[in-house]
Amino acid sequence: MQTSHAQFNIGQVVAHKHFGFRGVIFDIDFEYSLDEKWYQEACKTMASLGQPPIDKKQPFYHILTDGSDHESYVSEQNLCATQDFAPIRHAGLEVLFTLKNGQYIHRYSVN
């Protein structure tokens, strides 16, 4: 059964629990939506860290990764809120968000 609830929001800054990188969420899939090869590689990586397999039936977040020019795709189980409010540095950030009072506000309507 697909869930329609996500713990984190578009525009929220989060951190990866195991790799420590931060980023801002720009989209949410309410369950896994990439190809099987990516999923198998991600599960292998988590297993090498002693972590359980990634459950496909949970929210997955598209993240603009701080200090990088790429995006990350991370399961909810591997994210946490962060208290580090330093600005996110990513080339695509200004295309999608404005920064207002320390909050990332999406420039476009999200359905």
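When only Cα pairs below 8 angstrom with a gap of at least 6 residues are kept, the chain shows a relative contact order of 29 percent.
Per DSSP H run of at least 4 residues, take -39500 (n - 2.57); add these up for the chain, divide by its residues and hand me the 222 nm value, nearest 500 deg cm²/dmol.
Details: 2 runs with 17 residues, N = 111.
Rounded to the nearest 500, the figure is -4000 deg cm²/dmol.
Taking 7 Å along the Cα-to-C-beta vector as the label spot, tell me the Phe19-Gln77 distance in nanometres, rounded to one decimal. If labels sit at Phe19 and Gln77, their model points lie 1.7 nm apart.
Under 17 Å of direct C-alpha separation, and excluding same-chain neighbours fewer than eight residues apart, Lys37 reaches these aspartates and glutamates: Asp55.
What do you get for the angle between helix 36-48 and the principal long axis of the chain? Use alpha-carbon atoms, 0 to 90 degrees, nearest ten. Result, in degrees: 80.
So how do 91-102, 49-60, 65-76 stack up, highest first, on mean other-Cβ count within 10 Å? Intermediate results must be reported in sequence, preceding the final value.
Numbers: 91-102: 12.3, 49-60: 14.3, 65-76: 16.6.
Answer by packing, highest mean first, reads 65-76, 49-60, 91-102.
Readers should treat all values here as calculations from the given coordinates under stated rules, not as data from a laboratory. These numbers come from a predicted model, not from an experiment. Don't worry about glycine lacking a Cβ; one is built from the backbone with ideal geometry, like all the others, and counts go over all protein chains shown.
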